[in-house]
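These notes are about the structure you will find just below.
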Amino acid sequence: MNLLVLGGTQFVGRHFVEAALAGSHEVTLFHRGKTGADLFPEAEHVLGDRLQSLAALEGGKWDAVVDVSAYVPRAVRMAAEALADCTPYYLQVSTVSVYATGAGHVDETSPLATVEDPAGEVVDAETYGGLKALCEEAALAGFGQVGIVRPTFVVGPYDHTERFTYWVDRIGRNAPVTLPLRGDGSSPPLQFIDARDLGAFMLHMVEQGTTGAYNAAAPSLAFLEALERTRAALGSASEIFTPRAEGDADLPMVLPSDGSADPMLTIPNERAVAAGLRPRTLEATVQDLWQWWRTMGRPTKFDGVPWQGSRS
């Protein structure tokens, strides 16, 4: 297949492109050249800012367009105007943050978030979910066949957010970690998807022309269990401290102690699994993430503890 990727040089996009090239697909990358510009020399690179113009893609034809960099609806409308006649299929990377908060259960049919200013383009914690929901709406209105993938926290090698990497890094270095438990002694939930599994699922959707929305997530589990399994997977002597929470912990991926956001990390993945999603084990993700991260030779941006491990 001949594929156009809007983005494709950072994290999720990078893993998708690796999978596509490994599958002998032809790939064109449209990006700004600011991140990973030296990646994938075997692919065609077209430089440009999608919020300014997609004229550099004029005249092209692709079997599918994969959009990993849609954050505001104007970007999707511009893409549709420029590319809808150039491809029969469009895949958008969305997020589980599109779901409206307050629901006791979340699946692909749940109500979506809204945003106060639909034309706004400031992406922050308050607007992110609503704007991504509008991006989905713009895709469905502007393209013919549309697939939408909604990942939860994405983790794994090349993760620039360093959120789950924080926990793996500390445990890998035998440093202590603190996970506050809730007032009733329970652990907050944790749910994520390995970026490689997400990329493989995206490619499967493209190859099959799969339409509709799919939650991309491995099964949810208790955060404390995830840390204990991480420690075992890395053969670590890290201590895990679990004080009772007196307030929300300012730690990556730990949800508010009142449980208000729990539905976002206890999302069913059966629809995606039936469509081809194949999540790997937590242990496999942790071991590969640690192997990659240790080559960085530093703690994560969430942690000022000096590096004491080996770079090898």
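Percentage of Cα-Cα pair distances in region 90-187 greater than 21 Å, rounded to whole percent? Counting pairs separated by more than 21 Å, the tail of P(r) holds 53 percent. For region 151-307, the calculated P(r), taken from all Cα-Cα distances in 5 Å bins from zero up to the bin holding the longest distance, is 1, 9, 18, 20, 20, 15, 9, 5, 2, 1 percent.
The Stokes-Einstein estimate for region 127-172, based on a Kirkwood radius over Cα pairs and taken at 37 °C with 0.692 mPa s viscosity, is a diffusion coefficient of 248 µm²/s. Rounded to the nearest 10 degrees, the angle from helix 282-293 to the longest Cα principal axis of the chain is 80 degrees.
A Förster distance of 25 Å, applied to the separation of the beta-carbon atoms of Leu47 and Glu81, puts the FRET efficiency at 0.80.
Pull out a ≥ b ≥ c, the square roots of the eigenvalues of the alpha-carbon gyration tensor of region 215-292, then state rounded if a/c is under 1.5, prolate if not and a/b is larger than b/c, and oblate in the remaining case. Oblate.
Contact order for region 12-171, expressed relative to its length and based on alpha carbon pairs under 8 Å spaced 6+ residues apart, stands at 21 percent.
Principal-axis analysis of the Cα atoms of the chain puts helix 128-142 at an angle of about 30° to the longest axis. Here region 1-159 yields Rg over Rh of 0.96, to two decimals, using C-alpha coordinates and the Kirkwood radius.
Rolling a 1.4 Å probe over the protein chains gives Thr9 an accessible area of about 20 Å². At a 1.4 Å probe, what is the % contribution of carbon and sulfur to the accessible area of region 24-83? Within region 24-83, the accessible surface is 46 percent carbon and sulfur.
Solvent-accessible surface of region 153-208, averaged per residue with a 1.4 angstrom probe and all protein chains in place: 27 square angstrom.
Compared with the dominant Cα axis of the chain, that is its longest principal axis, helix 73-83 is turned about 40°.
The values are calculated or read from the model by the stated rules, or taken from the named source; none is laboratory data. The structure presented is a predicted model; accordingly, all values stated were derived computationally and were not measured. Quick reminder, even Gly has a Cβ in these numbers, built from the backbone with ideal geometry, and neighbours come from all protein chains shown. What goes into the accessible areas is simple: the full protein's heavy atoms, side chains included, and nothing from ligands, DNA or RNA. Shrake-Rupley method; radii C 1.70, N 1.55, O 1.52, S 1.80 Å.
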